[in-house]
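Below is one structure, written out as structure tokens; the observations come after it.
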Amino acid sequence: MRILVTNDDGIHGKGLVALEEIARVLSDDIWVVAPDEERSGAGHSLTIANPIRYRRIEDRRFEVSGTPTDCVIMAVRKIMPGMPDIVLSGVNRGQNIADDVTYSGTIAAAMEGTALGIPSIAFSQVGGYHDNAETFAVARKHGPAVAKKLVGMQFGPGVLINVNFPDC
């Protein structure tokens, strides 16, 4: 299974490392394509006025000078050798629930994957109460089992899954 891993916190985000660990439970064919810097709150925006550039950091790991949506498009259209079987976005620093999902770059990356016909899951870690936002302890502990279960499900067209891990 080929997996595209992305986020909105940037290529050096701690949540991205946690999501890579979760993805490795599912497959060895992991491609990481993430923004070159923090893009939280970007929503489902595209970069239009400026050129979008990508840079190979190492094998199957790239940074993109654009939004999370740009990252998914660049991964699928330019970087990856074929379509991914699934898009995993996150692990976001903080929850993505209610009206806030419309602002989330984490959700937007999953939305773009879904729009391209790729099953997509967004992961977020609620944070602040027990200082798990930076360690992503709950996502690391429960993420692999949740991801395995969700990957085995049929989402249907136009459906993305939004997973929020509690801070406990």
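Accessible area per residue for the chain in Å², computed with a 1.4 Å probe and the full protein assembly in place, what is it?
Details: 7980 Å² over 168 residues.
In whole numbers, the chain has 48 Å² accessible per residue.
For the pair R55 and K14, how long in nm is the line joining their label points, each one 7 Å along Cα→Cβ?
Distance between label points: 2.4 nm.
Rank by packing, highest mean first: peptides 142-148, 91-97, 67-73, 118-124, with packing defined as the count of other Cβ atoms within 10 Å averaged across residues.
67-73, 118-124, 91-97, 142-148
Between the range 71-94 and the range 97-120, what is the C-alpha centre distance in whole Å?
Cα centroid to Cα centroid, the span is 12 Å.
Through the Karplus equation 6.51 cos²θ - 1.76 cosθ + 1.60, θ set to phi - 60°, convert the phi angles of the range 19-25 into ³J(HN,Hα) values in whole Hz; use x for Gly and Pro.
Per-residue couplings from phi come out as 5, 4, 4, 5, 4, 5, 5 Hz.
Using the beta-carbon distance between S45 and I97 and R0 = 22 Å, what value does 1/(1 + (r/R0)^6) give for FRET efficiency, to the nearest 0.05?
Details: r = 20 Å, r/R0 = 0.93.
Here the calculated transfer efficiency is 0.60.
Of all the accessible heavy-atom surface of the chain, with the other protein chains kept in place and a 1.4 Å probe, what percent is carbon and sulfur? Could you put the intermediate results ahead of the total?
Values: 4140 of 7980 Å².
Answer for the chain is 52 percent, counting heavy atoms of protein chains only.
Taking the chain as a Gaussian network, where each spring joins two C-alpha atoms under 10 Å apart, which residue of R39, R55, R140 fluctuates the most?
Result for the chain, Cα springs under 10 Å: R55 fluctuates most.
Take every DSSP beta bridge whose two residues both sit in the chain, then give the antiparallel share in percent to the nearest 5. Write out the running numbers ahead of the final one.
Numbers: 4 of 27 bridges.
Counting DSSP beta bridges with both partners in the chain, the antiparallel share is about 15 percent.
What is the dipole size for the chain, taken about its Cα centre, with +1 at each Lys and Arg Cβ and -1 at each Asp and Glu Cβ, in debye to the nearest 20?
On the way: 16 positive and 20 negative charges, 92 e Å.
It works out to roughly 440 debye.
Mind listing the phi-derived Karplus ³J(HN,Hα) values for the range 119-124, rounded to whole Hz, using 6.51, -1.76 and 1.60 with θ = phi - 60°, and x for any glycine or proline?
Using θ = phi - 60°, the values come out as x, 9, 10, 9, 10, 9 Hz.
The values are calculated or read from the model by the stated rules, or taken from the named source; none is laboratory data. For clarity, every value in this text was computed on a predicted model and none was experimentally measured. Here the Cβ is made from the backbone with ideal geometry for all residues, glycine too, and neighbour counts use every protein chain on show. SASA here: full protein model, heavy atoms, side chains in, ligands and nucleic acids out. Shrake-Rupley method; radii C 1.70, N 1.55, O 1.52, S 1.80 Å.
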